[in-house]
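Trainee: Okay, handing you the structure first.
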Amino acid sequence: MKIKFLTAILASTISMTALADGTHGTQIKTTPLNNSVYMLEGQGGNIAVIENSNSLYVVDTQFANGYADIKNEIGKISPKPVRYVINTHGHNDHTGGNASFVKDFNATIIAHHNTSDLITAYNQNNATPNALPHLTFEKSLKLAGDEPIHLLYFANAHTNGDIIVHLPKSNIIHAGDILFFGRFPFIDVKNGGTIDGMINGLNGIIKLADDNTKIIAGHGNIASKSELITHTKMLTTIKNRVAKLKKKGKTLAQIQATRPAKEWESSHNWNFINNEKLVESIYQSLP
Ligand SMILES: [Zn+2]
């Protein structure tokens, strides 16, 4: 038991460090989703690369020190310049490479207003401040091109600045961290995340999807619409259990002891978010 416990602590420490600083020598895996859209997996949130006739659009930029490897991998897809970078939200495992994309490509960064505020806050504690978004929006934004891009805001989901990237022509959606697929989600309550907002965002993605839609998770594998529905049902069930007990006046510890996520603990616990942390974030973000 002791060894197991120590391993859990170590794993969680390593994960926290990775989230804070990134890691060196990033191994990047590229998966083509069709002729013009690619998913890149490395350290941090999943990246999408979208190829237009004259340029590339990149969704999320992982950690600052993974940039050289990411740039190299994007160069293998196409020599075209990266004209736009889209940030799904402000966490540094999705935005750390921003400054380098601006320096190398003079890329324009697009994000929600609140993402700008979150990166500004991170910059205050950072010796090398990151590039802020150049273009921000409130509810939605459409970018024309060979591959039209629709950006859609979902309030108070994983943070207070989450957008999804919908590619209607390719039938692909990048869900950002509204979707942690195959594992329990991180709800960043300190930065405006709530369980209701996350479920609302997931339902919004389900509405846009059909049976052939490829859904890129912020973390985890590509999901189908039916897998997304199952994931959303899981979170809704756990939330309803926590909400019922909270309404009765039970404390967080009492609710955790009932194991509201018990059916999914073995399949969905991971080193950063286990069932107790999930229940805590749900409890904290419920009215
Ligand atoms: Zn995140």
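The values are calculated or read from the model by the stated rules, or taken from the named source; none is laboratory data. Values in this document were obtained by computation on a predicted structure and should not be read as measured data. Please note: Cβ atoms are built from the backbone with ideal geometry, for glycine as well, and neighbour counts cover all protein chains shown. Note: areas computed on protein heavy atoms with side chains; ligands, DNA, RNA excluded. Shrake-Rupley method; radii C 1.70, N 1.55, O 1.52, S 1.80 Å.
Trainee: Can you tell which of LEU179, PHE101, HIS166 lies farthest toward the positive end of the dipole of the chain, using +1 and -1 charges on the Cβ of basic and acidic side chains (Lys, Arg; Asp, Glu)?
Mentor: Sorting the options by dipole projection puts first LEU179.
Trainee: Would you look at the GNM of the chain, springs on alpha carbons closer than 10 Å, and say which of THR61, THR136, THR88 moves the most?
Mentor: Its mean-square fluctuation being the largest, the pick is THR136.
Trainee: Determine the shape class of region 24-111: with a ≥ b ≥ c the square roots of the Cα gyration tensor eigenvalues, call it rounded for a/c under 1.5, and otherwise prolate if a/b is greater than b/c, oblate otherwise.
Mentor: On the way: a/c = 1.41, a/b = 1.14, b/c = 1.23.
Rounded shape, in that the Cα axes give a/c under 1.5.
Trainee: Turning to a different aspect of this structure: Taking a probe of 1.4 angstrom, what is the accessible area of ARG241 in Å², to the nearest 10?
Mentor: ARG241 exposes around 80 Å² with every protein chain in place.
Trainee: Can you tell me what share of the DSSP beta bridges in region 42-133 is antiparallel? A percent to the nearest 5 is fine. Don't skip to the answer; put the middle values down first.
Mentor: On the way: 4 of 11 bridges.
About 35 percent, rounded to the nearest 5.
Trainee: Can you tell me the dipole magnitude for the chain around its Cα centre, using point charges on the Cβ only (Lys, Arg +1; Asp, Glu -1), in Debye to the nearest 20? Don't jump to the answer; show the numbers that get you there.
Mentor: Details: 27 positive and 23 negative charges, 207 e Å.
In total the dipole reaches around 1000 debye.
Trainee: To continue, here is another question. Taking a cut-off of 18 Å between Cα atoms, list the lysines near LYS248, but don't count ones fewer than 8 places away on the same chain.
Mentor: LYS239
Trainee: For region 17-226, which semi-axes, largest first and in whole Å, follow from the square roots of 5 times the eigenvalues of its Cα gyration tensor? Each step should come with its number before you reach the end.
Mentor: On the way: eigenvalues 95, 88, 53 Å².
Ellipsoid semi-axes (Å, largest first): 22, 21, 16.
Trainee: Quick one: Karplus J couplings for region 210-215, per residue in order, coefficients 6.51, -1.76, 1.60, θ = phi - 60°, nearest Hz, x for Gly and Pro?
Mentor: 10, 5, 9, 5, 9, 10
Trainee: Only Cα pairs within less than 10 Å get springs; with that Gaussian network setup on the chain, which residue of ILE164, ILE178, ILE28 has the largest fluctuation?
Mentor: Per the Cα network of the chain with a 10 Å cutoff, ILE28 tops the list.
Trainee: To continue, here is another question. Have a look at THR30, ALA223, THR61 and report the one farthest towards the positive end of the charge dipole of the chain, computed about the Cα centre with Cβ charges (Lys/Arg +1, Asp/Glu -1).
Mentor: Farthest towards the positive end: ALA223.
Trainee: Ignoring ligands, DNA and RNA, what percent of the accessible area of region 17-226 is carbon or sulfur (1.4 Å)? Intermediate results must be reported in sequence, preceding the final value.
Mentor: Working: 4040 of 8350 Å².
Roughly 48 percent, rounded to a whole number.
Trainee: With each label point set 7 Å from Cα along the Cα-Cβ vector, what nm distance links SER226 and GLU138?
Mentor: 4.1 nm
Trainee: Nearest 0.05, what FRET efficiency do ASN106 and LEU252 give at R0 = 45 Å with Cβ-Cβ as r?
Mentor: Working: r = 48 Å, r/R0 = 1.07.
About 0.40, to the nearest 0.05.
Trainee: Could you pull out every residue, at least 5 positions away or on a different chain, whose amide H is within less than 5 Å of the one on THR88? Hs are placed 1.01 Å off N in the peptide plane, and Pro or chain starts have none.
Mentor: Here the answer is ASP60, since their amide H atoms fall under 5 Å of that of THR88.
Trainee: Please identify, among THR31, THR120, THR232, the residue showing maximal mean-square fluctuation in a Gaussian network model of the chain using a 10 angstrom Cα cutoff.
Mentor: THR31
Trainee: Here is a follow-up. What percent do you get for the relative contact order of the chain when only Cα pairs under 8 Å and 6+ apart count?
Mentor: Details: 571 pairs, mean separation 38.0, N = 287.
Rounded, it is 13 percent for the chain.
Trainee: Could you give the accessible area per residue of the chain, probe 1.4 Å, as a whole number in Å²? Please report the intermediate quantities before stating the final value.
Mentor: Details: 13290 Å² over 287 residues.
Result: 46 Å² per residue.
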